[in-house]
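S.K.: Before anything else, here's the structure in question.
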Amino acid sequence: MILAKGMENEESPDRSSVHYIKRPKRRLSRTRIVMCLLLIVAIPIFIGLANKAVHENADAIRQGFDQ
């Protein structure tokens, strides 16, 4: 009996007057922001390491041809 009354209360028109405060949905979650910042830091480091490796290999190739 109590359960039926509870169901009736949920369907009553008075329920429509209750307004829930909704938090605005963030476009970026905290983890995505952290991952983007890590990428911003990591990409120049990897580019620098790749350039260093390329220059070292180029020097080794030049020395091989000079001999």
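The values are calculated or read from the model by the stated rules, or taken from the named source; none is laboratory data. These numbers come from a predicted model, not from an experiment.
S.K.: Filter the range 12-67 down to residues that are at pLDDT below 80 and either among the β-branched types (Val, Ile, Thr) or at positive phi (or both), then give me how many there are.
M.R.: Of the residues in the range 12-67, 1 are at pLDDT below 80 and either among the β-branched types (Val, Ile, Thr) or at positive phi (or both).
S.K.: Looking at the range 17-48 only, could you name the residues that are within 11 Å of the chain's Cα centre (by Cα) and part of a helix (DSSP H, G or I)?
M.R.: Arg30, Thr31, Arg32, Ile33, Val34, Met35, Cys36, Leu37, Leu38, Leu39
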